[in-house]
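Note sheet for the following structure.
Any read-out appearing in this document is the output of simple, stated calculations on the displayed coordinates, not a laboratory observation. Here the structure is a predicted model, which is why all the values come from computation and not from measurement. Heads up, the Cβs are rebuilt from the backbone with ideal geometry, glycines too, and the neighbour counts pull from every protein chain shown.
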Amino acid sequence: MVDLLTLTLEQQVPVQMQGESAGFTWQWLGEGLLQCTPKTSYVKTMVLSAGIHGNETAPIELLSQIIHDLFTERLVLAVRVLFVLGNPEAIRHGARYLENDMNRMFCGAYQNLIQDQETERAAHLEQVTTQFFEQSQPQAQRYHYDLHTAIRASLLPVFALFPYQTHAYDEFLIQSLKAADLDALVYHNAAGKTFTHFTAEKFQAASSTLELGKAKPFGANDLAEFASTDLMLRAVLADQALPARLKGPIRQFKVVDSVLKQSDDFQLNLSADAPNFSTFQKGELIATQQAGNYVAHDQQVWILFPNPNVKTGLRAGLILKEIK
Ligand SMILES: [Zn+2]
């Protein structure tokens, strides 16, 4: 039994680094990293990550419970999986990150920052992920679910983002996100520096970033809120039928623009606690700054991740349009 979360919180090395369970072999690959390979052949190989932002504890607890159930044989493993707790030091501090947001560091972007333990961790995660996919059976389809919770409330409470990619979006991935009762899917329009951009671009993995509600400290989560995602992930890991969707049709959006903060006087025309998916009608002011105001030029647009407090030069929000 490997209790990945406790080992990570206590900064411990397991007594045994690798071993065998009833249906799979496992290797502890370092802090917050556990690889499990079924003894039978498998058709999917997947990265399941959480804690890239250290204060997003519910998905970390969810992965921890899944690992426990694999070792106690309550859950049968039918796919190869790499469990990742992304930013261990931030997890121990209950912080989103220490110096820089790790989910802006992938695809080599860590090289442009002053080297510290977070840039080293991002580089290490790229290495470990590369090895994991390269050592998987070549015919196995590659997946990556990166689990997060959001900083702010959301009018569509649970949603997933797809990285921009030139290969087709994987139908099974989309079906699984619908089965997880997500409210919305959002398609990026440009390459980013997130963990899922990295796995999609480098390995043609079917990758998605899931935003599963609000960030709370360890112990304060009601995991029942995450039950649909939990059920979906367990079905995928066991290669069983996906659970039936309980909600109405999922809504789909594409990113059409980002609002850039170009000067210190930048202001968003939104209250500080405005939820994700707040809307603007054509002609409405979205942001003001010396460099020029940003006005909605489509009939209706939605804003995602509004944050006027980012550093100058960075993205202060994504503008979305609904795909009908
Ligand atoms: Zn996050």
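Here segment 39-140 is treated as a sphere whose radius is the Kirkwood value from Cα pairs; by Stokes-Einstein at 25 °C and 0.890 mPa s it diffuses with a coefficient of 165 µm²/s.
Look at the alpha carbon pairs under 8 Å that are at least 6 residues apart: their mean separation over the length of segment 163-295 gives a relative contact order of 27 percent.
Extent of segment 78-127 along its three principal axes (Cα atoms, max minus min coordinate, largest first): 40, 26, 14 Å. Distance distribution note for the chain: the fraction of Cα pairs above 29 angstrom is 36%. Cross-link reach is defined here as a Cα-Cα straight distance under 29 Å, omitting same-chain residues fewer than 8 places apart; for LYS282 the lysines meeting it are LYS254, LYS261, LYS311, LYS321, LYS324.
Helix 117-135 axis versus longest C-alpha principal axis of the chain: approximately 60°, rounded to the nearest ten. Exposure proxy for SER49, SER278: other Cβ atoms within 10 Å of each Cβ, ordered fewest to most, give SER278, SER49. Full extension of the chain segment joining GLN281 with GLU120 gains 53.6 nm, where the gain is 0.36 nm per residue of separation less the Cα-Cα distance.
Each eigenvalue of the Cα gyration tensor of segment 1-96, multiplied by 5 and square-rooted, gives one semi-axis; in descending order these are 23, 14, 11 Å.
Computed over the chain, relative contact order equals 16 percent, with contacts defined as Cα pairs under 8 Å that lie 6+ residues apart.
Once you reduce segment 22-94 and segment 146-183 to the center of their Cα atoms, the two points are 19 Å from each other.
Dividing the convex hull volume of the alpha carbon atoms of segment 257-323 by its residue count gives 74 Å³ per residue. Per residue, the convex hull spanned by the Cα atoms of segment 120-264 measures out at 166 cubic angstrom.
Per residue, the average separation of C-alpha pairs within less than 8 Å and at least 6 apart gives segment 257-323 a relative contact order of 40 percent. Karplus-based coupling profile of segment 146-157, in residue order and whole Hz: 10, 9, 9, 10, 8, 6, 10, 5, 9, 5, 10, x, with θ = phi - 60° in 6.51 cos²θ - 1.76 cosθ + 1.60 and x standing for Gly or Pro. Note on the chain: dipole from Cβ charges, positive end direction compared against ILE91, GLN131, LEU5; the farthest Cα belongs to GLN131.
Taken about its Cα centre, the chain carries a charge dipole of about 740 debye when Lys and Arg each add +1 at the Cβ and Asp and Glu each add -1 at the Cβ. Between ASP264 and GLN252, the contour length at 0.36 nm per residue exceeds the alpha carbon distance by 1.0 nm. Rounded to the nearest 500, the 222 nm mean residue ellipticity of the chain from helices alone is -7000 deg cm²/dmol, with -39,500 (n - 2.57) taken per DSSP H run of at least 4 residues. Between amide H atoms placed 1.01 Å from N, distances below 5 Å from LYS214 occur with ALA150, all of them 5 or more places distant or on a separate chain.
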